[in-house]
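**Q** What follows is a structure written as C-alpha cells; I'll ask about it next.
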Amino acid sequence: MPASHATATAATFVWLGMVLAISFIEAPVKFRAPGVTLKVGLGIGRLVFRALNACELVLAVLVVISLLVGEPGRGAAVALGVAVAVLLGQMLLVRPALTRRSDAVLAAPEGVEGPGSRAHLWYVGLEVVKVVALFAGGILLLAD
C-alpha cells in the first residue's frame, strides 16, 4: 500500500472513530449524568463539538492531500469527498443555526427551554451520512 493510501486510510478511520465516539456516545450520554442540566449539557456540547469539528477539519485536509498525492480508486475518492462535503455543510450551514439555538437556551431563564431545533435533526442526519461515507471510503481504500 502506498504511503498516501496508508495515510488516507489511517486518517479516515481515526476521523470515523472520533465521530462515532463523540456524536453517538458522548453527546447523548452526558445528559444522563447526575446534575447535568440542559444548560450545562449545551455548554459542554458546544465546546466538545467545536473541538471535534476542528480535529475533523485537520483530518479532512490530511485525507484530501493524501488522495491528491496518491491514486485512489474512484469509489474511495467519491465516498471521502462526500464525507468532506458533509463536514463543510455541517460547519458552514448547520452549526450557525445550532449556535443561535443554544445561545437562546443559555440566555433563557432557568426552566425555560423553548421549541426544539430542526438544525439538530439535520446535524444528526448528516452525521449518519458522514459515518457511512467514512466507513465506505476507508474500506474502499483498504481494497485499493
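**Q** Of these, VAL124, VAL58, VAL132, which one is within 16 Å of the chain's Cα centre (by Cα), within 22 Å of LEU38 (Cα to Cα) and hydrophobic (A, V, I, L, M, F, W, C)?
**A** Numbers: VAL58 fails: within 22 Å of LEU38 (Cα to Cα); VAL132 fails: within 22 Å of LEU38 (Cα to Cα).
Every option except VAL124 fails the conditions.
**Q** For the list (1) under 26 Å from THR7 (Cβ atoms); (2) in a helix (DSSP H, G or I); (3) open to solvent by less than 60 Å² (accessible area, probe 1.4 Å); (4) not acidic (Asp, Glu), I need the number of the one condition that PRO72 fails.
**A** (2)
**Q** Another one. Report every pair of residues separated by at least 6 positions or lying on different chains whose Cβ atoms are under 9 Å apart, first residue within the range 29-42 and farther than 20 Å from ALA104 by Cα, second in a loop (DSSP other than H, G, I, E, B).
**A** That search, which allows pairs on different chains as well, returns LYS30/VAL36.
**Q** Separate question: Only one residue in VAL86, VAL105, VAL36 is open to solvent by less than 50 Å² (accessible area, probe 1.4 Å), outside any helix (DSSP H, G or I) and farther than 16 Å from ALA8 by Cα. Which one? Steps first, please.
**A** Values: VAL86 fails: outside any helix (DSSP H, G or I); VAL105 fails: outside any helix (DSSP H, G or I).
Every option except VAL36 fails the conditions.
**Q** Still on this structure, I have one more. Return the residues of the range 108-131 that are at pLDDT 80 or above and either open to solvent by 50 Å² or more (accessible area, probe 1.4 Å) or on the phi > 0 side of the Ramachandran plot (or both); say none if nothing qualifies.
**A** Let us first name the residues in the range 108-131 that are at pLDDT 80 or above, namely 118-131.
The answer is ARG118, HIS120, LEU121, TRP122, VAL124, VAL128, VAL129.
**Q** Read through the list (1) without any contact (Cβ under 8 Å) to a residue 40 or more places away in the chain; (2) among the basic types (Lys, Arg); (3) open to solvent by 50 Å² or more (accessible area, probe 1.4 Å), then give the number of the only condition that ARG46 fails.
**A** Condition not satisfied by ARG46: (1).
**Q** Checking the conditions here, which among SER4, SER23 is farther than 28 Å from ALA108 by Cα and either under 10 Å from the mean Cα position of the chain (by Cα) or touching a residue at least 12 places away in the same chain (Cβ under 8 Å) (or both)?
**A** Values: SER23 fails: farther than 28 Å from ALA108 by Cα.
Answer to the check: SER4.
**Q** A further question follows. Test LEU16 against the stated conditions and say whether it is in contact (Cβ under 8 Å) with a residue 60 or more places away in the chain, in a helix (DSSP H, G or I) and open to solvent by less than 50 Å² (accessible area, probe 1.4 Å). Outline the logic, then answer.
**A** Details: in contact (Cβ under 8 Å) with a residue 60 or more places away in the chain: yes; in a helix (DSSP H, G or I): yes; open to solvent by less than 50 Å² (accessible area, probe 1.4 Å): yes.
Yes, satisfied.
**Q** Continuing with the same structure: Kindly check whether there is at least one residue in the range 35-47 that is closer than 22 Å to ALA133 by Cβ and more than 10 Å from the chain's Cα centre (by Cα).
**A** Restricting attention to the range 35-47, the residues satisfying the condition of being closer than 22 Å to ALA133 by Cβ are none.
Within the range 35-47 (the criterion being closer than 22 Å to ALA133 by Cβ and more than 10 Å from the chain's Cα centre (by Cα)), the answer is no, since none of the residues qualifies.
The values are calculated or read from the model by the stated rules, or taken from the named source; none is laboratory data. The structure presented is a predicted model; accordingly, all values stated were derived computationally and were not measured. All Cβ positions, glycine included, derive from the backbone under ideal geometry; neighbour counts span all protein chains shown. Protein only, heavy atoms only, side chains kept; ligands, DNA and RNA dropped before computing areas. Shrake-Rupley method; radii C 1.70, N 1.55, O 1.52, S 1.80 Å.
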